[in-house]
Amino acid sequence: MTALPARRLRDLPSVDQILKTPLGSTAIQRFGRQVATAAVRAALAAAREACLGGAAVPQPGDVAADAVEQLKVAERPSLRPVFNLTGTVLHTNLGRASLAEEAVEAVRSAMCEAVALEFDLETGKRGERDDHLRSLVCELTGAEDATVVNNNAAAVLLVLNTLALGREAIVSRGELIEIGGSFRMPEIMARAGAKVVEVGTTNRTHPKDYVAAIGRETGLVLKVHTSNYRVEGFTAEVRARELASIAKAQGVPLVHDLGSGTLFDLAAYGLKHEPTVREAIADGADLVTFSGDKLLGGPQAGFIVGSKALLAAISRNPMKRALRVDKLRLAALEATLKLYRDPDRLAERLPTLRLLTRPSAEIATQAERLAPMVANALGEAFVVETVECRSQVGSGALPLETIPSAGLVVRVKSGGGKSLGALAAALRGLRVPVIGRIEGRALVFDLRCLEDEAGFCANLAGFDPGGADALV
Ligand SMILES: *Cc1c(COP(=O)(O)O)cnc(C)c1O
C-alpha cells in the first residue's frame, strides 16, 4: 500500500518542466521569474500532498495553471473597489466620499508633475501650503482664515493642543461622544494635553453651567456636534450662538467641532437641514472644525476655519507639521471646493450630493430593470424581488434621518441548500465585491449608490452559485 504513492511522487514533474510549459513562461513574463518559481514550488508541494492522498499525478501544465491562479489572486490589490449597496452613502468602512471627476483629474496631474506646493509663483519665494485653499474656504464659509490637516480628528487634536495645553477645556457631558470606536472625545482632549472639564448632565446642560465653569485656567470652550447619536426627551443644550456670547463675555475662545459639517444647505435638496459651516461661523464660533470626506465630498482631510489670530497660533504649533496633508489631497480639495462656486451644477458634479439626491422613483426603475438579471445570475436557490428601502447619509450626518430609496431583496428558497451568509460571502468574493446589508433573513441591495450599472451586470456574470452552498 505505501509503495504506490511513493512511486507516484517520482512521476511528479520538476519545477523546471513546469516553468517551461506555455503557462509557466507566461507566468514568468507577467510576474517575474522569482515569484513565478515560488508559486510553482507551492503548487507542486500541494500536488505532492494530493498524490500522497491518492490523487493522480498531474501534468506539468496543470501545476502551472494552479500556480497562475495563485499568482492572480496574490496580485489583486488589497484595497479593492467594491459596489457599495449598503444604503449608507458615506460609509466610513468603505472609504466615505467618492471624488468628483474634476478632483480626480487634479490629483492625477499633481501626482505626475512637480507642483508649486510651497512656492510663490509671483515672487519666486517660498510659499505656504495653506495658500492654495485659504481664500476658497473663506469665500465658502465666511471665515477669516483657514487651514487643513490630515482629518477632523487631527483638526480637533491640533486646536485643543494649541489653545488648551495644560489648561482647561470646557465641554458639555451630553457632547462627550465616541465615533466609530477609535475617536472618543474625552480621550482626544486628554491626549491633546487639555484638562477636560465636564459641565451639565448627559441630557441637560444650561448656560449657567458654562458660566460657572469658566475661569482663569480655561483655554477654550468646546461645542461638539453629537453626530451619530441624539439625546431625546427631557433635554436642554446651549445653542452655539448663546454659547458664543457667553464665551466672548468671559474672553475665552469657542471651538465648534461640526463633525461632518457641510457647505451646502441640505434642506435646499429636500433633505433635513444639517448645520453648515457658514452658520457655525455666523453664530460666533471662534474656530470651526469639520471633515473633508463626509458631506463635503472630498478626500480625507480636516478643516480648521475661523479667527486669524487663533489660526496664526495654530500655525506656530510644531504638531501642525506632523498632521499636514500632501499635494495630492490639496489638489483634490481645491478642485472639489471649486465645484461649490457653481451651486446649480453641484448636484450633478459632486458624487456625494448626486447620490444623496437621486430620486427614489429613478432608483425603483433601476431595481425593476436589474431584478431579472440578478435573479438569473444568482440561480434557482434564491428569490430576488424589488423592494422599497431607506438609505442614510452616514458618517454621523443626520443620524436619525433616512432617505426613501429602492433596491433588491434576496431571500433563500427553502430546501435549496444555500445559506444567506454564504451568498453574502460569495458576493464579496466577486472580482468587484458586492456589499449589501443583511436584514433579518434577507440580503438587501440598496441601489442608491449604483451608478455603474453595466459594470455591475458584467461583474455579476462571474457569480458562482456553487460558492453560496450552505456551510453545513
Ligand atoms: C466624524 C467626526 C470626527 C472625526 O472626523 P474624521 O474626519 O473622521 O477624523 C470628529 N468629530 C465629530 C463630531 C465627527 O462627527
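The Rg/Rh ratio of region 175-284, with Rg taken over Cα atoms and Rh as the Kirkwood radius over Cα pairs, comes to 0.96.
Measuring from centroid to centroid over Cα atoms, what is the spacing of region 154-219 and region 320-340 in Å? Taking the Cα centre of region 320-340 as reference, the centre of region 154-219 is 28 Å away. On the basis of the beta-carbon distance and an R0 of 25 Å, Glu101 and Thr365 show a calculated FRET efficiency of 0.50.
Diffusion coefficient (Stokes-Einstein, Kirkwood radius over C-alpha pairs, 4 °C, 1.567 mPa s) for the chain: 50 µm²/s, rounded to a whole number.
Database remark: amide H of Lys195 closer than 5 angstrom to the amide H of Gly166, Arg167, Glu168, Ala169 (H placed geometrically; neighbours at sequence offset of 5 or more, or on other chains; Pro and chain starts carry no H). How many angstrom separate the Cα center of region 234-260 from the Cα center of region 385-419? The two parts, judged by their Cα centres, are 38 Å apart. Ordering Thr352, Thr289, Thr386, Thr26 by the number of other Cβ atoms within 10 Å of each residue's own Cβ, fewest first, gives Thr26, Thr386, Thr352, Thr289. Extension gain for Val231 to Met111 (0.36 nm times residue separation, less C-alpha to C-alpha distance): 38.7 nm. Taking amide H atoms as placed 1.01 Å from N in the peptide plane, the amide H of Thr88 lies under 5 Å from those of Gln392, each 5 or more residues away in sequence or on another chain. Panel values: region 101-349, Kirkwood radius from alpha carbon pairs, Stokes-Einstein at 25 °C and 0.890 mPa s, translational diffusion coefficient 131 µm²/s. What the pair-distance distribution of region 22-137 shows, using all Cα-Cα distances binned every 10 Å from zero, is 11, 21, 17, 19, 17, 10, 4, 1 percent.
Taking the Cβ of each residue in His91, His225 as the centre, tally the other Cβ atoms inside 10 Å and list the residues starting with the fewest. Fewest-to-most Cβ neighbours within 10 Å comes out as His91, His225. Label separation (Ser135 vs Arg80): 4.6 nm, computed from points 7 Å beyond Cα along the C-beta direction. Applying the Kirkwood pairwise sum to the alpha-carbon positions of region 270-411 produces a hydrodynamic radius of 18.5 angstrom. Computed on the Cα trace of region 169-217, the radius of gyration divided by the Kirkwood hydrodynamic radius gives Rg/Rh = 1.00.
Counting every other Cβ atom within 10 Å of each residue's Cβ, Cys449, Cys112 order from fewest to most as Cys112, Cys449. Over the C-alpha atoms of region 322-393, the Rg to Rh ratio, Rh being the Kirkwood estimate, stands at 1.20. Kindly provide log₁₀ I(q)/I(0) values, in the same order as q = 0.21, 0.24, 0.28 Å⁻¹, from the Debye equation applied to equal alpha-carbon scatterers of region 3-75. Debye intensities relative to I(0), on a log10 scale: -0.78, -0.96, -1.21.
Computed from phi, the 3J(HN,Hα) profile of region 210-223 under the Karplus parametrisation 6.51, -1.76, 1.60 (θ = phi - 60°) reads 5, 4, 5, 7, 6, x, 5, 8, 6, x, 6, 10, 10, 10 Hz, with x in place of Gly and Pro. Computed over Cα pairs, the Kirkwood radius of region 353-472 leads via Stokes-Einstein (1.002 mPa s, 20 °C) to a diffusion coefficient of 144 µm² per second. Seen from Val107, the other residues with C-beta closer than 13 Å to its C-beta sum to a net charge of -3, counting Lys and Arg as +1 and Asp and Glu as -1. Computed from backbone phi, the HN-Hα couplings of region 82-90 come to 9, 8, 8, 10, 6, x, 9, 5, 9 Hz, rounded to whole numbers (Karplus: 6.51 cos²θ - 1.76 cosθ + 1.60, θ = phi - 60°; Gly and Pro given as x). The packing ranking, built from the mean of other Cβ atoms within 10 Å per residue, places the peptides 331-341, 372-382 in the order 331-341, 372-382, highest first. Taking every C-alpha pair closer than 8 Å and separated by at least 6 residues, the mean separation divided by the residue count of the chain gives a relative contact order of 18 percent.
Residue pairs exceeding 18 angstrom between C-alpha atoms, taken from Lys125/Lys308; Lys223/Lys248; Lys195/Lys223: Lys125/Lys308.
Computed from phi, the 3J(HN,Hα) profile of region 52-64 under the Karplus parametrisation 6.51, -1.76, 1.60 (θ = phi - 60°) reads 4, x, x, 6, 6, 6, x, 6, x, x, 5, 5, 4 Hz, with x in place of Gly and Pro.
Protection proxy ranking, highest mean first, for peptides 229-240, 8-19: 8-19, 229-240, where packing is the per-residue count of other beta-carbon atoms within 10 Å, averaged. Spherically averaged projected area of the convex hull of Cα atoms, region 62-211: 16.8 nm².
Every number here is computed from the coordinates shown, using simple stated rules; none is lab data. Every value quoted in this text rests on a predicted model; they were computed, and no experiment measured them. Neighbour counts run over all protein chains shown; Cβ positions are idealised from the backbone, glycine included.
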